[in-house]
1. Look through 155, 196, 159 and report the one residue that is surrounded by fewer than 15 Cβ atoms within 10 Å (Cβ to Cβ), of a type in the set (A, V, I, L, M) and modelled with pLDDT of 90 or more.
2. If a residue must be at pLDDT 90 or above, part of a loop (DSSP other than H, G, I, E, B) and touching a strand residue (DSSP E or B) at 6+ places or on another chain (Cβ under 8 Å), how many such residues does region 272-327 contain?
3. Go through region 21-54 and report how many residues are free of Cβ contacts under 8 Å to residues at least 24 places away in the same chain, closer than 18 Å to residue 67 by Cβ and either surrounded by fewer than 18 Cβ atoms within 10 Å (Cβ to Cβ) or touching a Gly at 6+ places or on another chain (Cβ under 8 Å) (or both).
4. If we keep just the residues of region 116-138 that are exposed (fewer than 14 other Cβ atoms within 10 Å of the Cβ) and touching a residue at least 40 places away in the same chain (Cβ under 8 Å), which is farthest from residue 304 (Cα to Cα)?
5. Within the set of pairs 6+ apart or on separate chains, which have a first residue in region 8-20 that is at positive phi, a second that is hydroxyl-bearing (Ser, Thr, Tyr), and C-beta atoms under 8 Å apart?
6. Before we move on, is residue 36 over 23 Å from residue 75 (Cβ atoms), more than 35 Å from the chain's Cα centre (by Cα) and aliphatic (A, V, I, L, M)?
Amino acid sequence: MDLKLLRTFQVAARHLNFHKAAEILFLSQPTVSKHIRQLEDELGCELFERWGRAITLTPAGERFLKCAARLLATSDEIMQEFASWQAGYASRLTIAASPMVARSVLPWVLQTFHERLPQVEVVISVIVSEEIPQALTSGEAEVGLSRIEPHDPRLTAELLYKDPVVFVAAGKMSDKNPLVKATTPKSGTRKVNTWLSALATYPLITHNHPGYWDDLLVAVRKLEPRVRTMVVTQVDITKRLIEEELGVSFLPLSSVQTEIQQGILQELEVEEIELPITSSWLLLRTDHPLSAGAKAFVNLAGEIKTTLSDMYFNPALKQKGPPKKHS
């Protein structure tokens, strides 16, 4: 069976529009119609009901769509495996990582991994922590890097590193901002007075990270009952809003360390309440043997535990951030 006919059918069935399928596949509409007719002739049944320009799937079309999806997925997998072999890879390791882990520590961990096992092709699937257990149990990924400890008997969770939460505001504030101290000719510096002053001036951006916001808000409201809040569900958007002086927030240090070093954001000391400490976890399936690549990655994770812990709790290393290379 010609795979190009299957692919044309799959796209046409997804959009129920031959013209749209032609645009997506860079084909002419008559060619799309020809592909569908050829496939219907080969199968001996109609796949679409045609009502003028409108089309719908027949029962046979709905059934065959699932078959076509499996055939194309298998074909794509085979071609990917062959392409990997041609590129010199002997095996593949798929890692499901939360956006924060993928952005902060994963790059320099991967640098060392690639140096040690250049023959292993690494595929990174960046998904929210809540979806990582499903990716592991379904076999879509072999290793998980999550910001949430799972409670699934099919998985093991090993603490990778702890990550303190800090209070951050914009690093560069406008002259009109009431929190900016007067600039002195000698120092030329401008600085927010206190985190409570910032909290009274800006909305507190919340629920951008799982796990700590409910209890933290209770503690904050005891100090500032009238605090204004703004829910933003992504850390990256939160940082951008803070940079534009549209809010302040409590964020894990690993997510803002680079911006603090660059002066884009600033950390304000909080003494009145105890700030939470978040964690990152290495997740594995308990009922599935690890590939050689996965074993090597787990061993490397064990080696870097101390480095990662010092990175966020050792004052000297805290200023430097992740090293460019781990040896």
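The values are calculated or read from the model by the stated rules, or taken from the named source; none is laboratory data. Bear in mind the structure is a predicted one, so any value in this text is a computation, not a measurement. Every residue, glycine among them, receives a Cβ derived from its backbone with ideal geometry; neighbour counts consider all protein chains shown.
1. Exactly one of 155, 196, 159 is surrounded by fewer than 15 Cβ atoms within 10 Å (Cβ to Cβ), of a type in the set (A, V, I, L, M) and modelled with pLDDT of 90 or more, namely 159.
2. 3
3. Counting residues in region 21-54 that are free of Cβ contacts under 8 Å to residues at least 24 places away in the same chain, closer than 18 Å to residue 67 by Cβ and either surrounded by fewer than 18 Cβ atoms within 10 Å (Cβ to Cβ) or touching a Gly at 6+ places or on another chain (Cβ under 8 Å) (or both) gives 5.
4. Here the answer is 130.
5. Partner pairs satisfying both residue conditions: 16/56.
6. Answer is no for this residue.
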